[in-house]
Amino acid sequence: MNTILTLLGEVTYLNWLIPVIVVAVVLLIVLMLVPIPTWFIALVSNAHVSMSRLVGMKLRRIKYRMLVDVYIRARKAGLDIDIAELESHVMAGGNISNVVNALISAHSANIDLSLQSAKAIDLAGRDVLNAVKVSVNPKVIETPVISAIAKNGIELRVKARVTVRANIARLIGGAGEETIIARVGEGIVTTVGSSENHKEVLENPDLISKTVLKKGLDAGTSYEILSIDIADVDVGRNIGAQLQMDQAEADKRIAQANAEERRAMAIATEQEMKAHTQEMRAKVVEAEAEVPKAMAEAFRSGRLGIMDYYQMQNIQADTSMRNAISGNGEGSVGKGGKK
């Protein structure tokens, strides 16, 4: 009898213990899946987030604690946004903290900035929070030293400061600071280059600012130019005089090259004439060498007599004497002067 009662007691104990264990296991699983502390913090902060959404964030490996903190901050600042929008931005790789801070700053400064625009700007790679700050508090962009030359050839080195304000509506697709600096530099070069004298620019530096501002250099950029102030203007080199000196030196070298070419051609012509003269002299000497042979042959054949020979000598002597008298000869009658 006692054994039966003992068995009945054990069965009753097991029937009570098993449900307790099941409940404990279920509670443990719920505690592991549901971030109750985060849910409770959101609840008491008047930024309610459902349990199912928190579980879904945890299963999707989203930093739900950070996301809930950002959501609470947005709700406390008076922003009417949905946590689902923030969650989708986090999953897209955006910086949700930066976006919400930008929205809070824009809301405080009465700047029209929607959540969709802020998310798009952030995903485009722009710092939306810094853009809102620049829109509230304009920034100054300092250009590098820009070299420009007036019409009289004097170089001016100009440094400018550009005060800009961010244009929220053009942050997506708008050009950045580099474009502003490049356009301002182009305007400075154009203004100085159109001046007849560099002294005009030195006397009225604001002429550059007025001319540049009229060009609408902020078109298509993410900024609105408020003012352009000329910080410094220095006189540089006399480029016109340097160019004239360089041109004169180049002309001098060209003239020297042309003269050297003509001299070389003259030397070549002279050498050619000398070679031709030498060739002619060689032919004359060769022909003169044949004369005695021809005369000897004429004596032997009887075609030339002794009187003919003497007569020819007399003619040569007379010719030499005339040349000597006229100054064309060597001043001697020659060996043929005697009969």
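In this view, the solvent-accessible surface of Arg126, computed with a 1.4 Å probe and all protein chains in place, comes to about 80 Å². Taken along the Cα-to-beta-carbon direction at a fixed 7 Å, the label points for Arg157 and Met245 span 1.8 nm.
Can you tell me how the stretch 163-212 classifies by the Cα gyration tensor, rounded, prolate or oblate, using a/c under 1.5 as the rounded cut?
Details: a/c = 4.41, a/b = 2.69, b/c = 1.64.
It is prolate, given that a/c is not under 1.5 and a/b is the larger ratio.
Quick one: pull the percent of accessible area on the stretch 26-156 belonging to carbon and sulfur, 1.4 Å probe, ligands and nucleic acids left out. Carbon with sulfur: 57 percent of the solvent-accessible area.
To the nearest 20 Debye, how big is the dipole of the stretch 160-272 about its Cα centre, given +1 on the beta carbon of each Lys and Arg and -1 on that of each Asp and Glu? Display every interim value, and only then the final one.
Working: 13 positive and 19 negative charges, 93 e Å.
It comes to approximately 440 debye.
Estimated at the nearest 10 Å², the accessible area of Lys252 is 110 Å² with a 1.4 Å probe. Couplings 3J(HN,Hα) for the stretch 315-320, derived from phi with the Karplus relation 6.51 cos²θ - 1.76 cosθ + 1.60 (θ = phi - 60°), are 4, 5, 5, 4, 4, 5 Hz, where x marks Gly and Pro. Ranked by solvent-accessible area (1.4 Å probe, protein heavy atoms only, all chains present), the residues Leu67, Leu113, Leu226 order from largest to smallest as Leu226, Leu113, Leu67.
Just to confirm, what accessible area per residue do you get for the stretch 81-228 at 1.4 Å probe, in whole Å²? Write out the running numbers ahead of the final one.
Details: 7010 Å² over 148 residues.
Normalised by residue count, the accessible surface of the stretch 81-228 is 47 Å².
Which shape class, rounded, prolate or oblate, goes with the stretch 211-293 when its Cα gyration tensor gives a ≥ b ≥ c as root eigenvalues, a/c under 1.5 marks rounded, and past that a/b bigger than b/c marks prolate? Numbers along the way, then the final one.
Details: a/c = 12.87, a/b = 5.16, b/c = 2.50.
Prolate is the answer for the stretch 211-293, as a/c is 1.5 or above and a/b outweighs b/c.
Would you calculate the separation in nanometres between label points at Glu272 and Lys63, each defined as 7 Å from the Cα along the Cα-to-beta-carbon direction? Inter-label distance under the simple model: 9.0 nm.
The number of Lys pairs in the stretch 117-224 with C-alpha atoms less than 18 Å apart, excluding pairs fewer than 8 positions apart on the same chain, is 6.
By accessible area of protein heavy atoms, probe 1.4 Å, what ranking do Arg53, Arg61, Arg157 get, highest first?
Working: Arg53 85, Arg61 215, Arg157 105 Å².
Descending order: Arg61, Arg157, Arg53.
Estimated from the Cβ-Cβ distance and a Förster radius of 51 angstrom, the FRET efficiency linking Glu260 and Ala296 is about 0.40. Quick one: compute the contact order of the stretch 94-186, relative version, from alpha carbon pairs under 8 angstrom and 6+ residues apart, as a percent. Contact order relative to length: 25 percent.
Would you please classify the overall shape of the stretch 65-120 from the alpha carbon gyration tensor, given that a ≥ b ≥ c denote the square roots of the eigenvalues, rounded means a/c under 1.5, and beyond that prolate means a/b larger than b/c while oblate covers the rest? In terms of gyration-tensor shape, oblate.
Sequentially through the stretch 147-156, phi angles give Karplus couplings (6.51, -1.76, 1.60; θ = phi - 60°) of 8, 9, 10, 6, 5, 7, x, 8, 8, 10 Hz, Gly and Pro residues having no value and appearing as x. Measuring with a 1.4 angstrom probe and ignoring ligands and nucleic acids, Asp251 comes out at about 80 Å² accessible.
The values are calculated or read from the model by the stated rules, or taken from the named source; none is laboratory data. Remember, it's a predicted structure, so these values are computed and weren't measured experimentally. No Cβ is skipped: glycine too gets one built from the backbone with ideal geometry, and neighbour counts run over all protein chains shown. What goes into the accessible areas is simple: the full protein's heavy atoms, side chains included, and nothing from ligands, DNA or RNA. Shrake-Rupley method; radii C 1.70, N 1.55, O 1.52, S 1.80 Å.
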